[in-house]
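For reference, the structure is listed below as structure tokens.
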Amino acid sequence: MMTDRRYRQRRLLFFYTVFTLVIMAIICIFIIFSTSDKKKYRNAGVDAFKSGKYEEALKYFDKALAKKQWFDEKLNLDSKYYMAASYMRLNRYSDAYAIYQELEKTDKKYLNKDALNGLLDLSKTLMDTTDERFGYTDADVDKLQKFAESGNSKMYLYLASIYEKNNDLEKMKEVLEAYLVKEKPTTYTSYLLSVYYLEKDDIESAKKYIETGMSCPDGLYTDLLQFNDAVCYEKQKDYETAFEKVSALHSQYPDNKDFLKEYNVLLSRVKPDTQFVHTASDADYFD
């Protein structure tokens, strides 16, 4: 007959075994629901975005957002942020604006508030001013100017987009500088002003805005600022430095035709006996 002591030992062993199995089951469930391919897809999307492959990036971000896992709030917000940026670079401003609106309503502890507010304003501005179905008459522009001068400084961004579209760089520069009196700079404003000063061969001012843009948290047009930085050195006839900078851009964005074209121009200066780099789709640059 089993003694009380052996009986208690067996009960303890039974409860210990059940407890261990329950803990292992909980751990397995936690691992299953807190890990997935979500991060892999998000990382692939970021890599595609940073290579200028924005359509490809969107596909990866769609896949990342479709995957469900526990504690995925930060990954979801980050994927949506990059998705909106991809839409911006594809000139799909209404799609970008919709996502920025959604992000603006969420808990912003994972997002840079200043960068998000700037991108929300920019996407709305470009959505409204680049739609080919609508044109801005001189009277419309006058109204925007009056709104801006009455204290609504964000209207200066609308005016800058309209003037840039109309290739009126003088007025674009004027309203952008007025905008920056009250509003924070972005990569967009810095890029446009660096373009203006490069056109004027004012390298010092162009570099000032390039440096400002490179420190902006939105990071949306960083590659274009880097390109203008290379152009600054080219204009100063420092072809070696310009080529080094453009080479880095061409390596990171191999499908960008503007970077490829500048790469070949500078290649012909620093290594005149070297053949141009061609791709299957760049014949139009080498007629």
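The values are calculated or read from the model by the stated rules, or taken from the named source; none is laboratory data. Note that this is a predicted model, so its numbers are computed, not measured. Reconstructed Cβ throughout: ideal geometry from the backbone, glycine too, with neighbour counts over all protein chains shown. Surface areas here come from the heavy atoms of the whole protein model, side chains and all, with no ligands, DNA or RNA. Shrake-Rupley method; radii C 1.70, N 1.55, O 1.52, S 1.80 Å.
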Quiz prompt | K237 accessible area, assembled protein chains, probe 1.4 Å, Å² | solution = 140 Å²
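Mind listing which chymotrypsin sites (Phe, Trp or Tyr not before Pro) in the stretch 35-141 are in a DSSP loop and have 14 or fewer other Cβ atoms within 10 Å? Don't skip to the answer; put the middle values down first.
Details: sites: Y41, F49, Y54, Y60, F61, W70, F71, Y81, Y82, Y87, Y93, Y97, Y100, Y110, F134, Y136; in loops: W70, F71, F134, Y136.
Of the chymotrypsin sites (Phe, Trp or Tyr not before Pro), the ones in loops of the stretch 35-141 whose Cβ has at most 14 other Cβ atoms within 10 Å are W70, F71, F134.
So, with a 1.4 angstrom probe, what is the percent of accessible area on the stretch 225-265 that is carbon and sulfur? Write down the numbers at each step before the final one.
Numbers: 860 of 2010 Å².
Heavy-atom surface of the stretch 225-265 belonging to carbon and sulfur, 1.4 Å probe: 43 percent.
Using just the alpha carbons, could you tell me how many Å³ per residue the convex hull of the stretch 92-167 encloses?
Numbers: hull volume 7.7 nm³, N = 76.
For the stretch 92-167, the hull spanned by Cα atoms encloses 101 Å³ per residue.
Among the listed pairs K208/K261; K80/K237; K143/K173, give every one whose C-alpha distance is greater than 30 Å.
On the way: K208/K261 25 Å; K80/K237 42 Å; K143/K173 19 Å.
Over 30 Å Cα-Cα: K80/K237.
Got a number for carbon plus sulfur as a percent of the stretch 79-208's accessible area, 1.4 Å probe? Could you put the intermediate results ahead of the total?
Details: 3020 of 6750 Å².
For the stretch 79-208, the apolar C and S fraction of the accessible surface comes to 45 percent.
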Quiz item: So what is the accessible area of the stretch 52-124 per residue, in Å², with the probe set to 1.4 Å?
Solution: 52 Å²
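If you roll a 1.4 Å probe over the heavy atoms of the protein chains, what accessible area per residue do you get for the stretch 207-248, in Å²?
Values: 1970 Å² over 42 residues.
Per residue, the stretch 207-248 has an accessible area of 47 Å².
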Quiz item: At each listed q (0.14, 0.18 Å⁻¹), what is the log10 of I(q)/I(0) that the Debye formula gives for the stretch 143-199 modelled as equal alpha-carbon point scatterers?
Solution: -0.31, -0.52
Quiz item: Taking θ as phi - 60°, what are the ³J(HN,Hα) couplings along the stretch 253-266 by the Karplus curve (6.51, -1.76, 1.60), each to the nearest whole Hz, with x for Gly and Pro?
Solution: 10, x, 8, 7, 5, 5, 5, 5, 4, 5, 4, 5, 4, 6
Practice problem: List the GluC sites (Glu not before Pro) within the stretch 203-242 that fall in a DSSP loop (any state other than H, G, I, E or B) and whose Cβ has at most 16 other Cβ atoms within 10 Å. | Solution: none
